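J.: Structure below; questions to follow.
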Amino acid sequence: MGEFDLARGIAYDRTHVWHPYASLKDPPPVRMARAAEGVEIELADGRRLIDAVSSWWCVAHGHNHPAIVEAIRRQSGRLCHVMFGGFTHAPAVELAERLVSLAPPGLDRVFFADSGSISVEVAAKMAVQYQRARGRPGRAKLAALKGGYHGDTSLAMALSDPDGMHVLFRDIMTRHFFAEKPSVPFGGEWNAADFSSMLRTVDEHEDEIAAVICEPVFQAANAMNFYHPQYLRELRRLCDEKGMLLVFDEIAAGFHRTGPRWAQEHAGVAPDIMTVGKALTGGHMTLAATIASGEVAETISGGTPSAFMHGPTYMANPLACAAAIASLDLFAASDYAANVQRIESRFKAALAPLAGLPNVADVRVLGATAVVEAKSLPARTDVERVIDEHGVWLRPFCNFIYAMPPLVSDTATVDRIAAAIADLAACPPGPPQDGDFHE
Ligand SMILES: *Cc1c(COP(=O)(O)O)cnc(C)c1O
């Protein structure tokens, strides 16, 4: 890249380049990133910010991890891409084997997708093709949870909270079936009434439901809700009884974000299909996967058509697969669960006192995720001040001031993040904000 004119670049960005969930008319400020290393993002002016958001929950091992960068470099010298229709390659095969070895027993068929949303679409289409092949073509919808989030493409939107960020597009979305958001918190006392809405939903629409989809234990982007694992055990039983598939979306919660490798391990139950993404490549390339049981794959293959009808252009991109293999090597090389436990205890100790602040409604921590639910978010100017003063990148949304730092964050990093959150939580509520809805 030649000499980059910073001022001109930022001006052009403001007027011509859309950012996520942002207006092009008087857009919120963006910072120019120049480099990143470890837990920090370096700005064009040389300042560094701790990435307390792991760049949307992906950067598990830290930014630009040398082992992952080297794997991408090595792969790029051989094969950057080849169509997956009619070809295969070593990184895809090796990654599939690795994922199968980590997935719960029986989940051993892998479909590679290019983003989390697409892997959810794929899971839903698998469920529908599965029911067709079993002679139940009427089962062409899914049941999902209020408060859930499964992505921004149309099928994934239609499975996300119907009153959440996608409400604008209600008329172009297929209507699926929704149960109430689970309300018994993780660590709380289980109450069977919490499952009654799901029971009712499934009873009423039994002949139309192919599968139930949820984010196990941790509803992320639409609710920041940690719920009781018993919910998942009830759900497994219900799906078995009704011949419905169970889909766990582990895109946010997987790879130790809540402690164990998979959030479903809190419940000790496995799904028929699961989706993984985000931290799969450690935040170095875009890649996701849908992992299905042999039973699901074989049933689909016994139907008409026997082919599973999906195939993205960049399916199983070799660079992304190589990055993911290197990321899985890092997960295997040290004890991430222990690291996450250390982050969890530190956040719990540091943030618990905030519960008494006038603008704080709730404080909750699970694994390497800390959430301070404000009564109302502080003003944009306070958010900007806290980011700059503490050198900690935070991106509050809805009423949530939260951190999901890299899983390798040391204690000093966690303490700095907690201090920034504490400062922000003590600020008065700001005016309502437009648009900046999503995380
Ligand atoms: C982020 C997310 C998705 C969507 O992934 P993209 O890569 O943004 O398409 C789906 N499900 C969950 C639970 C997520 O957190």
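J.: Rounded to the nearest 20 Debye, what is the dipole magnitude of the chain about its Cα centre when Lys and Arg each give +1 and Asp and Glu each give -1 at the C-beta?
T.: That gives the chain a dipole magnitude of about 400 debye.
J.: Something else about it: Please list, ordered by chain and number, the residues whose modelled amide H lies under 5 Å from the amide H of G259; skip anything fewer than 5 residues away on the same chain.
T.: The answer is A368.
J.: Convert each backbone phi in segment 332-343 into a coupling constant with the Karplus relation 6.51 cos²θ - 1.76 cosθ + 1.60 (shift: θ = phi - 60°), then list the ³J(HN,Hα) values in order as whole Hz, x for Gly and Pro.
T.: Karplus values, whole Hz, x for Gly and Pro: 6, 7, 9, 8, 5, 4, 5, 4, 5, 4, 5, 5.
J.: Could you give the size of the charge dipole of segment 163-232 about its Cα centre, using +1 on the Cβ of each K and R and -1 on the Cβ of each D and E, expressed in debye and rounded to the nearest 20?
T.: 260 debye
J.: I've got another one for you. Rank M285, Q219, M83 by how far each Cα sits towards the positive end of the charge dipole of segment 69-333 (+1 on Lys, Arg Cβ; -1 on Asp, Glu Cβ) and give me just the farthest.
T.: Projecting each Cα onto the dipole axis, the largest value belongs to M83.
J.: I've got another one for you. For a protection proxy built on the mean count of beta-carbon atoms within 10 angstrom, sort 339-347, 380-388 highest first, please. Can you show the working numbers first?
T.: Details: 339-347: 19.7, 380-388: 16.2.
Peptide ranking by packing, descending: 339-347, 380-388.
J.: Taking the Cα centre of each part, how many Å lie between segment 158-201 and segment 360-386?
T.: Answer, in whole Å: 23.
J.: May I ask which residue of N191, V408, S154 lies farthest towards the positive end of the charge dipole of the chain, with charges of +1 (Lys, Arg) and -1 (Asp, Glu) on Cβ and the Cα centre as origin?
T.: Checking the options against the dipole of the chain, the answer is S154.
J.: Same structure, new question: Would you mind computing the Rg to Rh ratio of the chain from its alpha-carbon coordinates, Kirkwood style for Rh?
T.: 0.96
J.: Report, in deg cm²/dmol and to the nearest 500, the calculated mean residue ellipticity at 222 nm for the chain, where each DSSP H run with n ≥ 4 adds -39500 (n - 2.57) and the sum is divided by the residue count.
T.: -10500 deg cm²/dmol
J.: Say the dipole of the chain comes from +1 at the beta carbon of Lys and Arg and -1 at that of Asp and Glu; which of V69, G356, G9 then lies farthest toward its positive end?
T.: Projecting each Cα onto the dipole axis, the largest value belongs to V69.
J.: Quick one: ranking T88, T258 by accessible area, 1.4 Å probe, largest first, what do you get?
T.: Ranked from most to least accessible, the order is T88, T258.
J.: For segment 52-107, which trypsin sites (Lys or Arg not before Pro) are in a loop by DSSP, counting at most 14 other Cβ atoms within 10 Å? Intermediate results must be reported in sequence, preceding the final value.
T.: Details: sites: R73, R74, R78, R98; in loops: R78.
Answer by residue number: R78.
J.: Between A36 and residues 5 or more places away or on another chain, which pairs have amide H atoms under 5 Å apart, with H built 1.01 Å from N, and which residues are they?
T.: For A36, whose amide H was placed from the backbone, the distant partners under 5 Å are E42.
J.: Output wanted: per-residue J couplings in Hz (rounded whole) for segment 46-54, from phi through Karplus 6.51 cos²θ - 1.76 cosθ + 1.60, θ = phi - 60°, x for Gly and Pro.
T.: With coefficients 6.51, -1.76 and 1.60, one gets x, 5, 10, 10, 5, 8, 6, 10, 6 Hz.
J.: Give me a comma-separated list of calculated 3J(HN,Hα) values for segment 362-368, in order, Karplus coefficients 6.51, -1.76, 1.60 applied at θ = phi - 60°, integers in Hz, x for any Gly or Pro.
T.: With the stated coefficients, segment 362-368 comes to 6, 10, 9, 9, 9, x, 9 Hz.
J.: Out of A90, A422, A11, any idea which swings most in a Gaussian network model of the chain, alpha carbons joined below 10 Å?
T.: Sorting by GNM fluctuation, first place goes to A11.
J.: Connecting C-alpha atoms closer than 10 Å in a GNM of the chain, tell me which of I273, I118, I300 has the biggest fluctuation.
T.: Greatest mean-square fluctuation among the candidates belongs to I300.
The values are calculated or read from the model by the stated rules, or taken from the named source; none is laboratory data. Owing to the predicted nature of the structure, the values given are computational and were not obtained by experimental measurement. Methodologically, a virtual Cβ is constructed for each residue, glycine included, from the backbone with ideal geometry; neighbour enumeration extends over all protein chains shown. Calculation scope for accessible area: heavy atoms of the full protein, side chains included, ligands and nucleic acids excluded. Shrake-Rupley method; radii C 1.70, N 1.55, O 1.52, S 1.80 Å.
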